[in-house]
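Working notes for the structure below.
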Protein chains: 2
Amino acid sequence: VGLGPGDAALRTPAATAAVRHADAVVGYGPYVDLVDDLLTARQAVVRSPIGAETERCREALRRAAAGETVALVCSGDPGVYAMASLVCELAAGFGDPPVTVVPGVTAALAAAAVLGAPLGHDHAAVSLSDLLTPWPLIEQRLQAVADGDFTVSLYNPRSKRRTGQLDRALAILAGRRPPGTPAAIVTDAGRPGQRVIRTTLADLDPEAVDMLSLVVIGSTTTRWLGDRMVTPRGYRSP
Amino acid sequence: VGLGPGDAALRTPAATAAVRHADAVVGYGPYVDLVDDLLTARQAVVRSPIGAETERCREALRRAAAGETVALVCSGDPGVYAMASLVCELAAGFGDPPVTVVPGVTAALAAAAVLGAPLGHDHAAVSLSDLLTPWPLIEQRLQAVADGDFTVSLYNPRSKRRTGQLDRALAILAGRRPPGTPAAIVTDAGRPGQRVIRTTLADLDPEAVDMLSLVVIGSTTTRWLGDRMVTPRGYRSP
């Protein structure tokens, strides 16, 4: 179940209904907190720690296999760098209980809406986390983003321990885009305390990026129009 | 305002509120129909024809400049191949009225949820429509998708008059992916009459694709697990 970025106004009725009708609500603790308003005393609530993704999915599947209706909650969309793929991978080991993926507004869409319309034309999403993906593959994808002139949303751009990946990503993109290419850092998109930094590829300060940030780098057609980051689709402006 | 794929259960409360509070609701006719349940007699309703995108945005901006609260409705997300970028481009010509982009569940996310989790790792969106984009740029992007091994959602894959673009796109991707790469056609995703064809890159039948379809082609790590299309994020399965 995708809860969207956090703001209940961006949580779909389908997601709300899935949580309300569940016998058990399972998720990373802070994501479970996003649906605190929906939980009732009759529900089992499992707040799972970060890093325990496999065990979290197993817990949900174990309960589903036992006949419970389970809502495994994720922020954003459960199919984008989240739990849906892992649940699908593990389901066969639990007797293949029925799985329904409830989509949500993913961080890239929430951040784009705050910025204007940077994803108005072709775009890509790349995670800079090399915990689960070999760094050479991430570099290959960044190079492809550069070669294809895609607007790109960088998920998991930087943490306290992973600081060099973002520098390297910016360098690869700078090889094919002008220094003035619009760029932005959106932190806690669609959540209380949302922060937005509007800048350019050359001036983007990696120190301002943390684990809760999404970094958006425009294509060569993206422009700052006032404080709005816009990638034209190609309709002729007057 | 992004209405999501069509099903009211995937329309966010923010989108519903924006339509309810609007003095005028403007949009492509079939998208206005998606919010028929919300419209009231006090609202001006402008159903705009297909192809009149610039005039549609001008109408919304003209009304906003005159002090009306206007909801310009799009299906999916307004920032993805839709009206948000054009509104931002044109706004300065109308005295720059305040513009708020209300995000929604875009077709790629709705289709992915139906399929399982094909967007579980890095992914891209490419529109095959060469009405507004030169075909060589689209080919360049498809080649980059192939080189970067991205799962890709192909928007506007085929219409009655544009039939060759999808063939060419599949050929480019086949240059870097095995024939058995999972592929799918989702038509009317998240709407009544939704149809899903689960297939492979080599067996995908372009004749089954129309203007209301989204085509999803997996990366080299994407798998069919039963009827679920899954791109693993990299957690080790048992």
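The values are calculated or read from the model by the stated rules, or taken from the named source; none is laboratory data. Since the structure is predicted, the reported quantities are computational estimates derived from the model, not experimental observations. Cβ placement follows ideal geometry from the backbone for every residue including glycine, while neighbour counts extend to all protein chains displayed.
General remarks:
- Single residue of the range B:154-172 satisfying the filter (of a type outside the set (S, T, N, Q) and touching a strand residue (DSSP E or B) at 6+ places or on another chain (Cβ under 8 Å)) that is nearest to the other protein chains (Cβ to nearest Cβ): B:Tyr155
- Only one of the numbered conditions (1) within 12 Å of another protein chain (Cβ to nearest Cβ); (2) outside any loop (DSSP other than H, G, I, E, B); (3) surrounded by fewer than 24 Cβ atoms within 10 Å (Cβ to Cβ); (4) among the charged types (D, E, K, R) is violated by A:Asp130, and that is (2).
- Considering (1) out of contact with any His (no Cβ under 7 Å at 6 or more places or on another chain); (2) more than 8 Å from chain B (Cβ to nearest Cβ), the lone condition that A:Thr151 does not fulfil carries the number (1).
Residues checked against (1) under 22 Å from the mean Cα position of the chain (by Cα); (2) in a strand (DSSP E or B):
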{"position": "A:Thr40", "(1), (2)": "no, no"}
{"position": "A:Glu59", "(1), (2)": "no, no"}
{"position": "A:Arg63", "(1), (2)": "no, no"}
{"position": "A:Val73", "(1), (2)": "yes, yes"}
{"position": "A:Ala82", "(1), (2)": "yes, no"}
{"position": "A:Pro98", "(1), (2)": "no, no"}
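- A:Leu131 of a type outside the set (S, T, N, Q) and at pLDDT 95 or above: no
- Scanning the range A:141-165 for residues that are free of Cβ contacts under 8 Å to residues at least 60 places away in the same chain, closer than 25 Å to B:Val80 by Cβ and either in contact with an Asp or Glu (Cβ under 8 Å, 6 or more places away or on another chain) or not in a helix (DSSP H, G or I) (or both) turns up A:Arg141, A:Gln143, A:Ala144, A:Asp147, A:Gly148, A:Pro157.
- Residue that is nearest to the other protein chains (Cβ to nearest Cβ) [pool: residues in the range A:21-55 that are more than 20 Å from A:Met211 (Cα to Cα) and of a type in the set (Ser, Thr, Tyr)]: A:Thr54
- Residue match in the range B:86-99 (condition: among the β-branched types (Val, Ile, Thr), surrounded by fewer than 24 Cβ atoms within 10 Å (Cβ to Cβ) and out of contact with any Asp or Glu (no Cβ under 9 Å at 6 or more places or on another chain)): yes
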